[in-house]
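The structure appears below as structure tokens.
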Amino acid sequence: MHTPSETARQMVAPGKGILAMDESNATCNKRFASLGIEQSFELRRRYRQLLITTPGLSKFASGAILYDETLRQTTDDGTPFPKVLEG
């Protein structure tokens with residue numbers, strides 16, 4: 001278990017940033033609509049899955065801000081998104 005200070009230091013590591021995945025369903029749906037993409041729970045899940053399973057993501061992101069729906073979503077194999085981001 002890391003102390004809060006250690007966690008904070010890791011989050012601001014040089015060359016890394018925080019992945020902001022906290023857009024609401026309404027905002028995500030507007031983005032999809034502007035691109036002609038159907039607005040659905042499943043397509044939002046697949047979009048977010050694409051982001052969090054990007055190879056090498058941990059080299060560039062030290063943390064992620066998640067929207068409520070995202071906290072409850074899982075990958076195709078059933079792994080909760082927060083668990084994927086821990087790795």
### Summary
Residue hits (the stretch 51-70; closer than 19 Å to Ala26 by Cα, exposed (fewer than 15 other Cβ atoms within 10 Å of the Cβ) and more than 9 Å from the chain's Cα centre (by Cα)) are Asp68
#### Entry: Search result, residues across the stretch 15-30 that are surrounded by 14 or more Cβ atoms within 10 Å (Cβ to Cβ) and out of contact with any strand residue (DSSP E or B) (no Cβ under 8 Å at 6 or more places or on another chain)
Glu23, Asn25, Cys28, Asn29
### Task
Answer yes or no: is there a residue in the stretch 8-26 that is touching a Leu at 6+ places or on another chain (Cβ under 7 Å) and without any contact (Cβ under 8 Å) to a residue 24 or more places away in the chain.
no
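All of the numbers you see were taken from the coordinates with simple rules; none came from a lab. Keep in mind it's a predicted model, so treat the numbers as computed, not measured. All Cβ positions, even for glycine, are placed from backbone atoms using ideal geometry, and neighbour counts span all protein chains on display.
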